[in-house]
1. Identify, among 167, 44, 105, the residue whose Cα sits farthest towards the positive end of the charge dipole of the chain, taking +1 on the Cβ of Lys and Arg and -1 on the Cβ of Asp and Glu, with the dipole about the Cα centre.
2. Dipole of the range 6-324 (Lys/Arg Cβ +1, Asp/Glu Cβ -1, origin at the Cα centre): which of 55, 322, 269 lies farthest to the positive side?
3. Please report, in debye to the nearest 20, how large the charge dipole of the chain is about its Cα centre when each Lys and Arg carries +1 at its beta carbon and each Asp and Glu carries -1 there.
4. With each pseudo-label sitting 7 Å past Cα toward Cβ, what's the residue 165-residue 317 distance in nm, one decimal?
5. In nm, give the distance between the simple-model label positions of residue 207 and residue 87, each being 7 Å from the Cα along the Cα-to-Cβ direction.
6. Students often forget the sequence filter, so: which lysines lie under 17 Å Cα-Cα from residue 69 once same-chain residues fewer than 8 apart are removed?
7. Treating each Cα of the chain as an identical point scatterer and ignoring solvent, apply the Debye formula and state log10 I(q)/I(0) at q = 0.07 Å⁻¹.
8. Show me, for the range 169-177, the HN-Hα J-couplings you get by feeding each phi into the Karplus relation (A = 6.51, B = -1.76, C = 1.60, θ = phi - 60°), rounded to Hz, glycine and proline as x.
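Computed from the coordinates by the stated procedures, all read-outs in this text should not be read as laboratory data. Model, not experiment: these values are computed from the prediction. All Cβ positions, glycine included, derive from the backbone under ideal geometry; neighbour counts span all protein chains shown.
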Amino acid sequence: MNIETKRDVLEILNMPETDFARDVLPKAQRAREAQFGNRIFLSGMIGYTNVCKNQCLYCGMRAGNSDLKRFRVAPEDVIALGRNAAEHGYKRIFLIAGEDPKYGFDGLVRIVKSLKDAGMFVSLACGEFDRAQYAELKAAGADEYVLKFEMSNPESFNRMNPSTTFTRRMEAIETIRGLGLALASGNIIDWPGQTADELADDILLMKRLGISWAPVIPFLPAMNTPLFETHHRGSLEKLYKEIAILRLMLPAIRITAQQPGADLRKGLSDPEANDSAIRAGANLLFYDLLPDPLAADFRVIDERHITGPQHAKVLSETYGYVIDTDA
Ligand code: SF4
């Protein structure tokens, strides 16, 4: 199935759900299997600080959320957690953080160097830095940098992410690409007021950027944020449509399979919900290396519940997926 143009993307986004399930989903599933067989990738993740100076209107870690208990994990402890995962055969690590001005950049560089030395594929999502800093992270051994554009509509981006600008975000994304780091980027699906046209633009922007991984998720406004009371969660139908389009358009990329289902209380580790995302073409799961009390406070969204590798084991035993801990 060839998906090239905005018209092709819109045709799928606008089709009835039953037609999508009959005509598109099976093709996306076959595309994933043709590329990866029955393998689903499992990456360790460490949210090493939940302090953030920014005020994104939907995020539970925004600076204005005074109800959240904040923490920082010292570089030596991050290194110990990551190296322990490497010793147990996990080759991919995802280091994620709020934009925390007081978490020393030197400490982050030390973490990257050490985990690279341990043989890991190091993926980072630590926000906007300047060119020299991204270059230093690459020199230290970073393989991939995750910087989401969130929404390709500049006005909406500027409204929902008031601590930065769309122009600055895209400049940072281009800097990352220019330095030769793999770029992971993507959007929030079905944010308030998003049109099918805008969603199609988001998907096509991912293609234009040549992403390695699509860290996409539906809109899930967190408690104690300006959008919590007034806006509902994003649609699962749109989530599966976007995943399927991405798989068919960019067959070799990683796409986040750790997705919510209908019952948000089950968090992102609901096997049924993850299986639905995998059936649409997704292929990347996570397990949290942080101790549980800290993991619970890494609260970009409510009810995140990313559990240990036993979650992937359930998916493997129930649905027959082969869990791959390689990079
Ligand atoms: S989305 Fe990221 S940058 Fe924005 S407030 Fe949350 S942690 Fe900070």
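1. Value: 105.
2. Positive-end residue among those listed: 322.
3. On the way: 39 positive and 44 negative charges, 101 e Å.
Here the chain has a charge dipole of around 480 debye.
4. Distance between the two pseudo-spin positions: 5.4 nm.
5. For the pair residue 207/residue 87, the computed spacing is 4.7 nm.
6. Partners within reach: 53, 102.
7. -0.25
8. 4, 6, 5, 5, 4, 5, 5, 4, 5
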